[in-house]
Amino acid sequence: MRSLFHTRGMVNVHEVIDDKLRKFIEAQPLFFVATAPLAAEGHVNLSPKGTVGSLVVLGPDRVAYLDLTGSGAESLAHLRENGRITLMWAAFHGPPNIVRVHGRGEVLFKDDPRWGEYIGLFPAAEDPGAPRAIVLVTASRVSDSCGYAVPFMEYKGERRLLAEYFGRRDEEFHVDYVARKNAISIDGLPAVPAETLRGADAGANSGANSAAR
């Protein structure tokens with residue numbers, strides 16, 4: 001599929017995520033997610049997201065990523081409140097490029113009946129205890145720009161600390177951790193209900209092929 005686009009200054013705005021953009025997006029080991037609450041005094045959040053196998057392009061205007069347990073859950077809280085999201089990828093090697101996807105995000109927790117349709121798409125889901133949600137993004141704007149000032153940086157491999165940390169612990173520890181650290185955002189918005197982490201088969205991949213269409 002060839003992406004139709006128009007240029008605004010040094011920015012190319014694309015009608016769809018075409019094959020070239022998809023290959024670039026899925027090849028990057030790191031991306032960034034920006035969200036914000038509706039309240040003017042609320043905190044805008046910018047989070048690095050990574051681990052290879054935690055993101056997939058589902059179609060011309062759809063992207064999904066695996067949300068891994070961490071010390072906070074600002075992105076999930078903002079998405080649950082208002083759905084606004086921007087994802088960004090930057091080329092730290094090869095030709096300079098920055099790709100942004102603006103759109104609307106939806107959070108799927110493990111108790112969502114659609115969980116099994118999507119979780120099998122992510123190789124990173126095999127890591128113990130790490131997944132707490134899947135974020136589905138529908139793009140409203142897709143663009144790329146030059147990235148001429150982005151420095152060259154060397155990718156040396158994945159950090160395994162998160163998987164190893166939860167791999168040494170059981171489900172109850174994970175649930176307790178999320179209840180203590182991920183239940184609400186720093187602005188008091190509901191983020192991750194700890195009870196959604198129980199009883200889900202994170203390795204289920206039923207319907208994964210249909211979800212990717």
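The values are calculated or read from the model by the stated rules, or taken from the named source; none is laboratory data. Worth saying up front: this structure is predicted, and the values here are computed from it rather than measured. Because the Cβ atoms are built from the backbone with ideal geometry, glycine has one as well, and the counts that use them run over all protein chains shown. Note: areas computed on protein heavy atoms with side chains; ligands, DNA, RNA excluded. Shrake-Rupley method; radii C 1.70, N 1.55, O 1.52, S 1.80 Å.
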Considering residues of the range 17-65 that are β-branched (V, I, T) and open to solvent by 30 Å² or more (accessible area, probe 1.4 Å) only, the residue nearest to P190 (Cα to Cα): V44
Any hit, the range 136-157, residues being within 21 Å of the chain's Cα centre (by Cα), of a type in the set (D, E) and within 21 Å of R22 (Cα to Cα): yes
Test set (1) more than 18 Å from A91 (Cβ to Cβ); (2) touching a helix residue (DSSP H, G or I) at 6+ places or on another chain (Cβ under 8 Å); (3) modelled with pLDDT under 95 - S3 fails condition number: (1)
Matching residues in the range 74-118 - criterion: being part of a loop (DSSP other than H, G, I, E, B), within 25 Å of P37 (Cα to Cα) and open to solvent by less than 70 Å² (accessible area, probe 1.4 Å): G83, F109, K110, D112
Members of the range 126-138 that are open to solvent by 40 Å² or more (accessible area, probe 1.4 Å) and touching a Phe, Trp or Tyr at 6+ places or on another chain (Cβ under 6 Å): P128
Residue satisfying condition, being aliphatic (A, V, I, L, M), in contact with a Pro (Cβ under 8 Å, 6 or more places away or on another chain) and over 21 Å from E26 (Cβ atoms), within set A77, A163, A149, A73: A77
The one condition in (1) at pLDDT below 90; (2) in contact with a helix residue (DSSP H, G or I) (Cβ under 9 Å, 6 or more places away or on another chain) that D170 fails to fulfil: (2)
Test result for P123, open to solvent by 30 Å² or more (accessible area, probe 1.4 Å), over 21 Å from E81 (Cβ atoms) and more than 17 Å from the chain's Cα centre (by Cα): no
Qualifying residue in the range 59-66 (condition: small (G, A, S), over 30 Å from L197 (Cβ atoms) and in a strand (DSSP E or B)): no
Residues (among the hydrophobic types (A, V, I, L, M, F, W, C), touching a residue at least 40 places away in the same chain (Cβ under 8 Å) and open to solvent by 70 Å² or more (accessible area, probe 1.4 Å)) located in the range 146-200: F152, M153, I184, I186
Residue in the range 124-141 that is out of contact with any Gly (no Cβ under 8 Å at 6 or more places or on another chain) and within 17 Å of P29 (Cβ to Cβ) present: yes
